[in-house]
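Have a look at the structure below, then the notes.
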Amino acid sequence: MAARRAHELGARTWRLAGQLRGGMTGLRVPIAAGLAPIGSVAFSASFSRLPHSLSRVKARSVPLAAQQSWYRSGWRGQEAGSGGRRVWGLVFAFGGAYGVYETLKYSLGEQQAEELKVSEGGLQLTLYQYKTCPFCSKVRTFLDYHQLPYQIVEVNPVLRKEIKFSSYRKVPILIANADSHLQMNDSSVIISAVKTFLVSRKKNLEEVVSYYPAITVTNDKGKESVEYQNKYWLMLDEQETKRLYESKESQKEEMKWRRWADDWLVHLISPNVYRTPGEALASFDYIVREGNFGSVEGFFAKYVGATAMFFIGKRLKIRHNLQDDVRQDLYEAANTWVAAVGKNRKFLGGAQPNLADLAVYGVLRVMEDLQSFDDMMANSKIKPWYQRMTKAIEEHPNAQ
């Protein structure tokens, strides 16, 4: 690449030199559309537009024989005398300066492009989601905080035609067009893989995703499900790990609370937002309004879905051994999290949120504008931390 660029700059400089010499001897050289003189009066104006003029000369190529004729005329007209040497000095000075200018411009342009690529992680991301899904909200929170541009495809929860390309029929799904069309499943795997890619520039994303293999497991009732190994680990070497974490304890702490968000906190959402028929109806009104439903689907989803989820919420309460008043479990979870952060830290990650902060915030964010969220803010100690998180994400800090 560097050799090819040097060759191009050399060729452009010599073409320019020939044109300048031709101009100084009164020759007419092709610039823009037709033959335009570069003479004593027009020279300063033409000089200021030389890079642009050169691009147009390149677009309208001149026969090689004609170029050689112009160049030979220029050489012979200035072979003798001090005037010729002065002209040659000007030619070489300008040619050298122009070459340096182009080289610096090219190098700076490459550097800026590389910085832009790194700042965005070198990724083109598309997130397939349900907006009100807590797992999808976790991924959005992570991407927003790390300033990674992404497109959203809202999936129809009934037909799911938007993800018919995938054998994995759940959301979120993140498609990354980095080096290839790469699909990532499971919210925690997505977050761990992309974070690893951002921190460790030595690995491409496809290699990173291979560190999180999917395995099929069978539970006590004989039902099969897909699990992902290592999904709370960042696949970093020792130096990268030390750069990201203050200590091994802080790394383990982050993993512990990321798992807690998936294994406990997320299971408190449905029983709370569908706690009563009125709350269930309000929740489905929000789901239909924000989701990808047709008019008929939306009507049935709102009323039939709200009724169904009211009863499913009761079953979930039993399955997860929740209290009769599920709000108490929500308040206790919020206070447990606040106690883990502690009084001397703004976030679990210290001065800036870590992956556990982002996971907890992402899960809780889906309840905003619902009664369960307002009750949690009023009856637990989580509000200051939640407000700090909102501000940190909105301000888009330089997060690594």
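Sorting check: for 246-253, 386-393, which peptide has the highest mean count of neighbouring beta carbons within 10 Å, and how do the rest follow?
386-393, 246-253
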Seminar exercise, completed: The lysines whose Cα lies under 16 Å from the Cα of Lys302, excluding any fewer than 8 residues away in the same chain, are Lys131
Exercise. Based on the Kirkwood radius over alpha-carbon pairs, what value in µm²/s does the Stokes-Einstein equation return for the translational diffusion coefficient of the range 243-400 at 25 °C and 0.890 mPa s?
Worked result: 145
Seminar exercise, completed: For the range 144-226, the Debye formula with one identical point scatterer on each Cα and no solvent gives log10 I(q)/I(0) at q = 0.17, 0.24 Å⁻¹ as -0.82, -1.30
For this session: Under a cut-off of 22 Å between alpha-carbon atoms, report the lysines in cross-link reach of Lys381, not counting same-chain residues fewer than 8 places apart.
Result: Lys138, Lys256, Lys343, Lys346, Lys391
Exercise. If each of Lys223 and Tyr303 carries a label point 7 Å out from its Cα toward its Cβ, how far apart are those two points in nm?
Worked result: 3.0
For this session: Would you kindly state how much longer the chain becomes between Gln147 and Asp324 on full extension, computed as 0.36 nm times their sequence separation minus their alpha carbon distance, in nm to one decimal?
Result: 59.6 nm
Seminar exercise, completed: HN-Hα couplings for the range 164-172 via Karplus (6.51, -1.76, 1.60; θ = phi - 60°), in whole Hz with x for Gly/Pro, come out as 5, 5, 10, 6, 7, 9, 10, 10, x
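No lab work stands behind these numbers, since they all come straight from the coordinates. Just so we're clear, the structure is a prediction, and the values are computed from it rather than from any experiment. FYI the Cβ positions are ideal-geometry reconstructions off the backbone, even for glycines, and counts take in every protein chain you see.
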